[in-house]
Amino acid sequence: MILKQAARAILDAGLRAVEPEACVTRHLHISGSLLHAGNVALDLDQIRYIYVAGACKASAAMARQVEDLLVTGPTRTNVMDMQILLVSGYEEVSVLVLPC
């Protein structure tokens, strides 16, 4: 039974690690007026518009997390407008533009 529990714990940890929202919050955060994206820091007091582009299955969930971080959530910034472009589909490409 211990082996089964260990296997389940490993599987659960792997699934949590690739959750779209978790991936965004690991690599994108705000401190003061600075947006940190990987090794880049942008002063959000100097930015009024943000464009987010994504492709494939996880992009919608990731875009929602970015929107929550920058526009609607508790760390809301002075960003006035954010446009999200999502491209999905494998054989047929469909594009969805969401104004936030």
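Going through (1) of a type outside the set (S, T, N, Q); (2) assigned to a helix (DSSP H, G or I); (3) modelled with pLDDT under 90 one by one, residue 42 falls short only on (2). Under the condition of being loosely packed, with under 10 Cβ neighbours inside 10 Å and outside any strand (DSSP E or B), the residues counted in the range 27-39 number 3. Quick check on my filter: what residues within the range 1-50 are over 18 Å from the mean Cα position of the chain (by Cα) and among the β-branched types (Val, Ile, Thr)? Across the range 1-50, the qualifying residues are 2, 10, 47.
The values are calculated or read from the model by the stated rules, or taken from the named source; none is laboratory data. Quick caveat, the model's predicted, so the values are computed rather than measured. Backbone-built Cβ (ideal geometry, glycine too); neighbour counts: all protein chains shown.
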